[in-house]
1. Would you tally the net charge around residue 26, using a Cβ to Cβ cut-off of less than 13 Å, leaving residue 26 out, and scoring K and R as +1, D and E as -1?
2. Set Lys and Arg Cβ to +1 and Asp and Glu Cβ to -1, take the dipole of the chain about its Cα centre, and tell me which of 193, 113, 149 lies farthest positive.
3. Could you calculate the FRET efficiency of residue 23 with residue 168 from 1/(1 + (r/R0)^6), where r is the beta carbon distance between them and R0 is 30 Å, rounded to 0.05?
4. Quick check: residue separation of residue 36 and residue 147 times 0.36 nm, minus the Cα distance between them. What number comes out in nm?
5. What list do you get for 151, 162 if you sort them by fewest beta carbons within 10 Å?
6. Excluding residues fewer than 8 places away in the same chain, name every one of the lysines whose C-alpha is closer than 20 Å to that of residue 153.
7. So what's the angle, to the nearest 10 degrees on a 0 to 90 scale, between helix 12-23 and the longest Cα principal axis of the chain?
8. How charged is the neighbourhood of residue 186? Take every other residue with its Cβ under 11 Å from the Cβ of residue 186, and add Lys/Arg as +1 and Asp/Glu as -1.
Amino acid sequence: MPTVLITGANRGIGLEFARQYATDGWRVFATCRSGDGLGDIGMIEGDVEGLVMDVADHGQIDAVAGRLHNEPIDVLVQNAGVMGPRRQPFGGTDYREWETAMRVNVFGPMKVAEAFAAQVGRSEQKRMAFISSRLASMTENTSGAYFIYRSSKAALNAVAKSLSINLAGAGITSIILHPGWVRTRMGGPDGNLDPAESVSALRKLIAQSSPADNGRFLNVDGAEIPW
Ligand SMILES: NC(=O)c1ccc[n+]([C@@H]2O[C@H](COP(=O)([O-])OP(=O)(O)OC[C@H]3O[C@@H](n4cnc5c(N)ncnc54)[C@H](OP(=O)(O)O)[C@@H]3O)[C@@H](O)[C@H]2O)c1
């Protein structure tokens, strides 16, 4: 069976990715920021291994990649993310939170890609999915605000786009996905999708992606999102 590695897999969209791939019989490496997340991952039935990997801790990323050195990884789901403070009023910017968001949303996925590209390149499916947000889109930004989240996800898109080009030679297809507005701790209770609906649509997009889709920025319904 194929293998998937998911970041931020202890709750929300990441936990649902782990559940659905496990239900389909995949081998799942479900990683989480701290040991506290291992309990929820441990409740998933199937071939699931929980691993602590804070995407802001590069030493930890290298250690997990070293441990999984011999494992081909068919799909790498770069899901871990933070929003920053809920209220981000102009004049009250929290620059420390901004730095944290850049470490988690941008440097983390880059470092994880660097650490695991070889294992993805050795797999059958060779796919990377970056969970971004349509709030990153410049074209669609007509309402302003969300300085921290928008800028960090826009930077993630730039990184993932470059990776799609740099890793194409290794046969890796990278796609950038907006999961919809999902009812999670980040999305809140008013979102229009539950994690199961979002993730089953995202998994279809990942499964159907071909080298022709490399570097595309797609909504959960498969429609292209303008940069
Ligand atoms: N929900 C939405 O409507 C929506 C919309 C667009 C995009 N997204 C994106 O979808 C992804 C998942 O979001 P969600 O809605 O599931 O949010 P969530 O419920 O807040 O979950 C976020 C996950 O990321 C993990 N995480 C945060 N910092 C981390 C770090 N340094 N290392 C490893 N893991 C870390 C969290 O772990 P802890 O539990 O340890 O904090 C948690 O597992 C994010 O990238 C988010 O930006 C969500």
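Quick note: the coordinates plus some simple rules give every number you see, no bench work behind them. Please read these numbers as outputs of a predicted model, since none were measured by experiment. Here the Cβ is made from the backbone with ideal geometry for all residues, glycine too, and neighbour counts use every protein chain on show.
1. Working: positive: 19, 27, 127, 203; negative: 24, 45, 47, 49, 71, 74, 124.
Taking every other residue near residue 26 into account, the sum is -3.
2. After comparing all options, I get 149.
3. Numbers: r = 31 Å, r/R0 = 1.04.
Here the calculated transfer efficiency is 0.45.
4. Working: separation 111, 0.36 × 111 = 39.96 nm, distance 2.98 nm.
Computed gain between residue 36 and residue 147 is 37.0 nm.
5. Numbers: 151 18, 162 13.
The most exposed by this proxy come first: 162, 151.
6. Cross-link targets: 111, 161.
7. With rounding to tens, the tilt is 20 degrees.
8. Details: positive: 11, 86, 183, 185; negative: none.
Local net charge: +4.
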